[in-house]
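Quick notes on the structure that follows.
The values are calculated or read from the model by the stated rules, or taken from the named source; none is laboratory data. Note that the structure is predicted; figures quoted are calculated from it, not measured. Neighbour counts run over all protein chains shown; Cβ positions are idealised from the backbone, glycine included.
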Amino acid sequence: MTKLLKKLSKSINHKRKVKRQVSEPPVWSPTQQAVTNNLQDNMAYLQQELANCCDLVARPLKIGLANSADAFIIYLDDLVDSISLEKNLQLLIQGNQSTANPLENPLKRPLHQAIYDHLLTVGQVKPIDDLNTLIQEILTGTLGLVLDGETVCFSLGVKSGQKDRPINEAPSEGTLRGPRDGFLEDIQVNRGLIRRRIKSPKLKFEKMTIGTLTQTQVNIVYLEGLALAGLIQEMKQRLERIKIDGIIESGYIEEFIEDTPYSLFPQVIVTERPDRVAAALLNGRVALLMDTTPFVLIVPAAFIRMLEGADDNYVRFPFANFARNLRFITLNIAMILPAFYIAVSTFHLEMLPTKILISLAGVREGLPFPVLIEILFMETVFEFITEAGIRLPKAVGSAISIVGALVIGDMAVNAGFVSSVTVIVVALTAISTLTIPAVEASHTIRLIRFPLMLLAAVFGFLGIAVGLLFVLIHLCSLRSFGVPYLDPLAPLNLSDLKENLFRAPRWSLFKRPTEVSENNPTRQPIMPKGKPPKGNEE
């Protein structure tokens, strides 16, 4: 019997191994293929690797009018700029008329060196001695140039410009005051938007490639001398550990680099605004750009940073503090109000004044369901309407969301399924949820209030207190790249409160936040407080 079981287990393990081998995703990770001096062999290899691509253009040509040399060009038509391509091909074929023909080569230089010096006028020219490296360059939108009799080929930067959409305001982060430009899906454009704001050689962009099939370019962005070396190195190590076939959006990377991946709370700041990225870099943080997406990741994150509005740094500090305090209030309303209403209506009616208690009893008279069922029903309906508004076209999405909420709420009250107080509580909770600037934090609050409602329905205020205590303990245990998630509240740092919990006057912010800017904490040496001019003394 034991022998039979052993054989059966071995066969099952063998089948599992076979299934794993079959189910592995395809990976394009070829070995190095050196460029040979035989043009036909190089052409055959490139066309074989890029076969069945309808946008591939590959053709031989002669370089130079006199003493012409054989060459071969290859590119993807959808990714190159036709004007730049024609200009460079014309120069290659006709030669540079202002100088002697480099192909006559009186100095006996290598042919590729003579062409590089005289005929390649494009700014981005990269000599390459590996055909697989050339293929990767072609897939990013460059022109491949292979020469006969040479073991060096060229990658010419003729990538087409941004054609998808112009630079507009970030749709997910609206503002009353501040810059109106937002990131695009082109990483080169995004780098330029950041450099327009920080014109310093200390601004660094380190390139990495993630995805064995997609070969997606990402850039680690930081200010040298401000960002901690350990933070930069930790970011590099976490990105190097990502071994996946494809990266489509920065949300993929976000899940890989989080400290606590099972937590509901976002541990990475996500933004579409270049000014917000620039401000984070000036505070010593590290940003991560990714090609094909306008969403940029910023680390380390703090929970208080999720409540900062896009224009908090541009309006005067009294109104910025007023708006920030409103968000703290709406945060608590969005998370606790439905649970509080359930607890009061179910267990703690004695807390209500007599008139309110009589009014509430009259409203709830004859209703068939308990308060918990009413709240869960209306909250679920609201989630349906929110999801429908997101998926529908913008022209009709907002209108349908408003009309749907009004009609369903009114009909539910008139039909006697829910009370009018329940509709008011759910509507106020929904409005409070929408005031949270960070979409990821808003999603977290929407999820947390459901278990709080269940605890309130079973244990009353005690259940709410236990649930909030659990959330607080979890927040205190979270880290974002080693930095406490509740910094500067836990651990308490009084000097950083004036830029996190509330916004002090700009002239008083002469120190950077200490959690990530230990290298150079001084932002300005003095506090240039404004004051009226002195009168002319006679």
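In this structure, residue 170 qualifies as outside the structural domain of residue 296 (by TED's automatic domain parsing) and buried (at least 19 other Cβ atoms within 10 Å of the Cβ). Where strands (runs of 3 or more DSSP E) fall wholly inside the stretch 235-351, the ranges with 3 or more residues that are over 30 Å from residue 507 (Cβ atoms) are 286-290.
To keep it simple, each residue is scored yes or no on (1) outside any helix (DSSP H, G or I); (2) closer than 14 Å to residue 277 by Cα.
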{"position": "133", "(1), (2)": "no, no"}
{"position": "137", "(1), (2)": "no, no"}
{"position": "144", "(1), (2)": "yes, no"}
{"position": "197", "(1), (2)": "yes, yes"}
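From the list 387, 365, 374, pick out the single residue that is charged (D, E, K, R), outside any helix (DSSP H, G or I) and either modelled with pLDDT of 80 or more or in the same structural domain as residue 442 (by TED's automatic domain parsing) (or both). On inspection, the qualifying residue turns out to be 365.
If you go through the stretch 303-310 one residue at a time, do you hit one that is farther than 23 Å from residue 448 by Cβ and either loosely packed, with under 14 Cβ neighbours inside 10 Å or touching a residue at least 24 places away in the same chain (Cβ under 8 Å) (or both)?
Yes, the conditions are met somewhere in the stretch 303-310.
Residue under question is residue 203, and the condition is that it be modelled with pLDDT of 90 or more, surrounded by 14 or more Cβ atoms within 10 Å (Cβ to Cβ) and over 21 Å from residue 516 (Cα atoms); does it hold? No: the conditions fail for residue 203. Of all residues in the stretch 127-147, those that are of a type in the set (Asp, Glu) and surrounded by fewer than 17 Cβ atoms within 10 Å (Cβ to Cβ) total 2.
Conditions (1) modelled with pLDDT of 85 or more; (2) in a strand (DSSP E or B), marked per residue:
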{"residue": "27", "(1), (2)": "no, no"}
{"residue": "31", "(1), (2)": "no, no"}
{"residue": "40", "(1), (2)": "yes, no"}
{"residue": "43", "(1), (2)": "yes, no"}
{"residue": "47", "(1), (2)": "yes, no"}
{"residue": "57", "(1), (2)": "yes, yes"}
{"residue": "60", "(1), (2)": "yes, yes"}
{"residue": "67", "(1), (2)": "no, no"}
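Scanning the stretch 257-276 for residues that are among the hydrophobic types (A, V, I, L, M, F, W, C) and within 11 Å of the chain's Cα centre (by Cα) yields 268, 269, 270. Considering the stretch 209-228, the residues that are hydrophobic (A, V, I, L, M, F, W, C) and closer than 19 Å to residue 277 by Cα include one that is surrounded by the most Cβ atoms within 10 Å (Cβ to Cβ), namely 221.
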